[in-house]
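Worksheet: the structure to be examined is printed underneath.
The values are calculated or read from the model by the stated rules, or taken from the named source; none is laboratory data. It should be emphasised that the depicted structure is a prediction, and the values quoted were computed from it without experimental measurement. Cβ: placed from backbone, ideal geometry, glycine included. Neighbour counts: every protein chain shown. Please note that ligands, DNA and RNA were not included when accessible areas were found on the heavy atoms of the full protein model with its side chains. Shrake-Rupley method; radii C 1.70, N 1.55, O 1.52, S 1.80 Å.
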Amino acid sequence: MRRITRQRSRQLFVLFLCAVLLPTGLARAQEYHVDTSAENHVTFISDAPIEDFEGVTNAIDGYVLLGPGGMGPNADLESSQFYFEVDLATMHTGIKRRDRHMRENYLQTAEFPYASYEGKLSGTEADDDGSFHLDLEGTFSVHGVEREKEVRCVARGGEPRYRIRCRFEVSLVEHDIDVPSLMFLKIGEVIDLRVDFYVKRVRQ
Amino acid sequence: MTKRLRAQRVSGLTIGMLLAASTLAAQEEGSTWQRKAPSPDEVPLFHSESSLHLPTAQTLGEGEIGFEILHRFLPPISSGSNGLWGFDGPVNIRFGLTYAPTDRLMLSLGRSNRLDNYDLQAKARVYEAGGHDFAFSVALVGGLAWNTEVPGRDDGDALNWQYYGEVVLNALFSERFGIGVVPAYLNNPVVEDLGRDDALSLGLYAHYYANAVLGLIAEYNISDFRAELPYDSFALGFHLETGGHFFKILVTNTTSLNPSQYLAGSTNEITSDELRLGFNVTRVF
């Protein structure tokens with residue numbers, strides 16, 4: 001039997017280290033940022049007894065961090081992160097007076113300029129058409145009050161760009177947004193929030 | 001250096017570099033995202049485009065349409081329960097429609113039933129500066145009025161026409177308390193007269209925004225003396241603001257609504273016996 005020389009054993013050891021360490025070093029997070037040049041839409045819908053109206057803005061920003069498995073079946077959910085924020089001072093309802101009323105009196109955007117949602121993915125599910133259903137869990141913050149929230153979104157597209165759509169409800173009372181009782185006839189107590197935006201990969 | 005020693009050193013360096021690279025890669029966590037500059041704050045202005053009779057420097061948003069109805073009950077409050085404190089009427093009434101082609105310009109057409117006065121007006125906000133603690137704004141107003149029911153005169157008579165100009169100066173403190181100063185010029189203040197005249201006036205008002213809905217307003221218009229309109233105009237009221245609507249309830253000694261009839265003064269003295277009830281309702285679309 002041929003003996004393995006000391007030099008040969010050292011070479012094998014170095015090769016073994018390469019096999020173990022390099023993949024670990026190269027298994028990096030995938031990072032996506034909101035594409036602020038795209039046609040993003042954040043819409044809130046107020047449905048009240050005597051008046052319905054919508055507020056819209058395209059000023060959404062933030063990022064998504066995914067593990068090496070991306071959103072697919074091998075997604076590393078524990079290492080995922082996301083953070084999205086909306087500049088509330090840019091919301092428009094179609095009536096300037098109502099915009100100002102909303103910003104100054106209810107949302108108090110001078111003190112709380114952003115609504116934000118941050119957390120991690122709790123689940124992903126691929127659809128037959130190539131889209132992904134994403135389950136997000138995290139903390140939603142508006143008017144300086146944070147609440148735990150789970151949201152289900154749909155991601156469509158392909159590398160390096162995805163379109164993400166989400167829909168969820170926000171209770172004004174839960175976020176200490178003080179609306180006079182008379183105004184609840186004109187502003188819904190629960191706001192329907194719809195988010196439609198694009199993210200693009202910035203690194204892998 | 002022997003061949004063996006050289007090989008050992010190369011192996012050691014290789015292992016060290018691999019370990020360093022792997023460690024660095026593992027430490028590359030967290031996002032590289034950074035927040036962009038926030039949108040600039042708007043300069044706070046008065047909430048409504050008008051006080052009780054006088055204009056503010058506020059304008060409608062581009063493309064918006066405003067509609068207003070103003071009532072002044074002609075019998076005074078002192079008429080008591082027999083006249084339902086003035087609610088029995090009659091009334092002076094104004095309807096107005098406003099359109100904003102830009103955020104800084106408003107065009108208004110209004111009509112009052114007193115002498116069937118038609119009023120065409122333009123208001124331009126020309127300056128604003130400041131922030132939450134203090135804000136200052138300036139607007140210019142110009143208008144043309146046509147009175148079509150002057151007794152004993154044809155509609156087209158040149159003496160039926162009036163024109164006016166106003167400078168609106170507004171200051172807002174902590175977005176709660178605002179004051180306005182409105183110097184004005186009016187040509188042909190007493191349209192029933194057989195000759196033209198000029199009138200100067202100085203309007204003053206103060207607004208207090210108590211909360212998101214309720215505000216208090218006091219207004220005084222100093223006008224130069226003339227026999228037909230010997231008294232200044234005074235008004236005190238409150239508003240209810242709902243974002244798209246303003247409801248203003250007031251008491252006042254004047255029953256004139258259109259600027260060309262209001263600016264030159266009142267026929268009623270500023271006493272409790274001469275105060276009338278009135279209301280203004282405005283809606284923005």
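I need a count of the residues in segment A:79-133 that are within 9 Å of another protein chain (Cβ to nearest Cβ) and either within 30 Å of B:PHE246 (Cβ to Cβ) or touching a helix residue (DSSP H, G or I) at 6+ places or on another chain (Cβ under 8 Å) (or both).
Number of matching residues: 22.
Among the residues of segment B:160-185, write down those that are open to solvent by less than 30 Å² (accessible area, probe 1.4 Å) and under 18 Å from B:ARG125 (Cα atoms).
B:TYR164, B:GLY165, B:GLU166, B:VAL168, B:ASN170, B:ALA171, B:LEU172, B:GLY178, B:GLY180, B:VAL182, B:ALA184
Could you list, in sequence order, all residues of segment A:100-117 that are closer than 24 Å to B:SER48 by Cβ and of a type in the set (A, V, I, L, M)?
A:MET102, A:LEU107, A:ALA110
Out of curiosity, is A:THR109 modelled with pLDDT of 90 or more and over 15 Å from the mean Cα position of the chain (by Cα)?
No.
Give the residue, chosen from B:TYR118, B:TYR163, B:TYR99, that is in a strand (DSSP E or B), farther than 30 Å from B:PRO44 by Cα and touching a Leu at 6+ places or on another chain (Cβ under 6 Å).
B:TYR163
Is it true that B:LEU216 is of a type outside the set (Lys, Arg), more than 14 Å from every other protein chain (Cβ to nearest Cβ), under 24 Å from B:PRO44 (Cβ atoms) and out of contact with any Gly (no Cβ under 7 Å at 6 or more places or on another chain)?
yes
Yes or no, residue by residue, for (1) charged (D, E, K, R); (2) free of Cβ contacts under 8 Å to residues at least 60 places away in the same chain; (3) buried (at least 18 other Cβ atoms within 10 Å of the Cβ):
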position	(1), (2), (3)
A:ARG103	yes, yes, yes
A:THR109	no, yes, yes
A:PHE112	no, yes, no
A:ASP128	yes, yes, no
A:PHE132	no, no, yes
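Out of all the residues in segment A:20-42, which are over 15 Å from the mean Cα position of the chain (by Cα) and at pLDDT 55 or above?
A:ARG28, A:ALA29, A:SER37, A:ALA38, A:GLU39
Residue by residue, here is whether (1) under 16 Å from the mean Cα position of the chain (by Cα); (2) outside any loop (DSSP other than H, G, I, E, B) holds:
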residue	(1), (2)
B:ILE93	no, yes
B:MET106	yes, yes
B:ALA139	yes, yes
B:LEU144	no, yes
B:ARG153	no, no
B:GLY156	no, no
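Give me the pairs: first residue in segment B:214-231 and of a type in the set (Asp, Glu), second residue open to solvent by less than 40 Å² (accessible area, probe 1.4 Å) and not in a strand (DSSP E or B), beta-carbon distance under 6 Å, and six or more apart or on different chains, which are they?
Within 6 Å, the pairs are B:GLU219/B:SER51; B:GLU219/B:LEU52; B:GLU228/B:VAL190.
Within segment B:78-90, track down each residue that is free of Cβ contacts under 8 Å to residues at least 24 places away in the same chain and either touching a helix residue (DSSP H, G or I) at 6+ places or on another chain (Cβ under 8 Å) or open to solvent by 40 Å² or more (accessible area, probe 1.4 Å) (or both).
Residues satisfying the conditions are B:SER79, B:SER81, B:ASN82, B:LEU84, B:ASP88, B:PRO90.
Of the residues in segment B:18-44, how many are open to solvent by less than 80 Å² (accessible area, probe 1.4 Å) and modelled with pLDDT of 90 or more?
1
Is there a residue being open to solvent by 20 Å² or more (accessible area, probe 1.4 Å), in contact with a helix residue (DSSP H, G or I) (Cβ under 9 Å, 6 or more places away or on another chain) and modelled with pLDDT of 95 or more anywhere in segment B:50-72?
yes
Residues are listed down the side, and each one gets a yes or a no for (1) at pLDDT below 90; (2) open to solvent by 50 Å² or more (accessible area, probe 1.4 Å); (3) among the β-branched types (Val, Ile, Thr):
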| position | (1), (2), (3) |
| --- | --- |
| A:SER171 | yes, no, no |
| A:MET183 | yes, no, no |
| A:ILE191 | yes, no, yes |
| A:LYS200 | no, yes, no |
| A:ARG203 | yes, yes, no |
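Looking for something open to solvent by less than 50 Å² (accessible area, probe 1.4 Å), touching an Asp or Glu at 6+ places or on another chain (Cβ under 7 Å) and in a strand (DSSP E or B) - is there at least one such residue anywhere in segment A:70-82?
Yes, segment A:70-82 contains a residue that is open to solvent by less than 50 Å² (accessible area, probe 1.4 Å), touching an Asp or Glu at 6+ places or on another chain (Cβ under 7 Å) and in a strand (DSSP E or B).
Would you tally the residues in segment B:251-285 being in a helix (DSSP H, G or I) and over 19 Å from the mean Cα position of the chain (by Cα)?
4
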